[in-house]
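Below is one structure; the comments refer to it alone.
The values are calculated or read from the model by the stated rules, or taken from the named source; none is laboratory data. Predicted model, so just to flag it, every value in this text is computed and none were measured. Every residue, glycine as well, gets a Cβ built from its backbone with ideal geometry; the counts of neighbours run over all protein chains shown.
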Amino acid sequence: MTTAVANQPVSVRPNEAPIGAEITGVDLCGDLDDDSFRKIRDAYYRYSLLIIRGQAISPEQQIRFTRRFGDLQLHHLKQYVLPEHPEVLMLSNIVENGRTIGLADAGRVAVWHTDLSYLKEPVAGSTLYALEIPYSDTGEVLGDTVFTSTFAAYDALSPELKSKLAGLRAIHRMTKGGYESDKEKSASRLQYSDEQKKNFADIAHPIIRTHPVTGRKCIYINPLCTDGIEGMPDSESLPLLEELYAHCTRPEFTYRHKWRKGDLLMWDNCSALHLAVMDYALPQRRLMHRITLKGAVPF
Ligand code: OGA
Ligand code: MN
């Protein structure tokens, strides 16, 4: 079986932005041959984000592709995973039987973030496959996702800030920023029981992280979850973190993805942050399938 689309070699076209590359010439319905896969994997580690358009894949096929990169991490929100495929988390604003069928607004992710950084072993990568994309009345695509390269952000730090940050560890907290504080919108927000919260204790990860595969350095902070720096008073750490959030999301480090149905994106949660643009609402429907890869303790 082959992967390549007939008469078309797999090709990698980097974005102009310092993050992301479009992969063409693959049909993920088939099995990827080793050469094609190697090319795709190299692009993933180099550009932190893959854009593979025009796919028509089943959950099994998305699982098979993601699985080539490593072991999968099942999501703890069991109410939003596909019953037959617990590897697949649904992201959706579609309401059935009085509740959204998936994480609505991707679980309050209309904030720059990296996925599941509050785990001791944060997830390595995420694949996200678009099944339904919202459109405006005038036919414009809504619900873009923006990505930023924290490799590029690290490279652009001043030498003084690089040495100041070396060895510092930020505190990541699942419930920072009030998962349940926004009462008005809470119906579509994540609700955690006290029991669940207990299972996710605060965790410290290095702010300057070394990529486990390439050895490249990046900035590892998460505006959604980082809430302080070990051994530093809030009066000092919070402004420093704010400065880093602003630095990491400078427009020149970012790429904004306009989705089409059939797009499969894959990003590296070590060297990229992402942001969901929440500019749509029912009856504009959005449905995505997400799979995450197990990660290791950051260093
Ligand atoms: C995610 C996520 C953003 C989006 O899947 O982790 O943040 O635009 N998605 O759906
Ligand atoms: Mn996310």
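In the range 114-126, the residue that is nearest to ligand 2 (Cβ to nearest atom) out of those that are buried (at least 23 other Cβ atoms within 10 Å of the Cβ) and not small (G, A, S) is D115. If you go through the range 34-54 and keep only what is of a type in the set (S, T, Y) and without any contact (Cβ under 8 Å) to a residue 40 or more places away in the chain, you end up with S36, Y47. Please tell me if L157 is within 16 Å of ligand 2 (Cβ to nearest atom) and in a loop (DSSP other than H, G, I, E, B). So L157 fails the test.
Residues in the range 60-90 that are out of contact with any His (no Cβ under 7 Å at 6 or more places or on another chain), modelled with pLDDT of 95 or more and closer than 27 Å to P298 by Cα: R64, F65, T66, R67, R68, F69, G70, D71, L72, Q73, P86, E87. Mind counting the residues in the range 67-80 that are more than 13 Å from ligand 1 (Cβ to nearest atom) and touching a strand residue (DSSP E or B) at 6+ places or on another chain (Cβ under 9 Å)? Residues in the range 67-80 being more than 13 Å from ligand 1 (Cβ to nearest atom) and touching a strand residue (DSSP E or B) at 6+ places or on another chain (Cβ under 9 Å): 8 in total.
The number of residues in the range 98-151 that are more than 10 Å from ligand 1 (Cβ to nearest atom), outside any loop (DSSP other than H, G, I, E, B), within 11 Å of the chain's Cα centre (by Cα) and hydroxyl-bearing (S, T, Y) comes to 1.
Results for (1) crowded, with 19+ Cβ neighbours inside 10 Å; (2) within 13 Å of the chain's Cα centre (by Cα), shown as yes or no for each residue.
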site: I207; (1), (2): yes, no
site: N222; (1), (2): yes, yes
site: C225; (1), (2): yes, no
site: T254; (1), (2): yes, no
site: K258; (1), (2): no, no
site: N269; (1), (2): yes, yes
site: M278; (1), (2): no, no
site: R285; (1), (2): no, no
site: I291; (1), (2): yes, yes
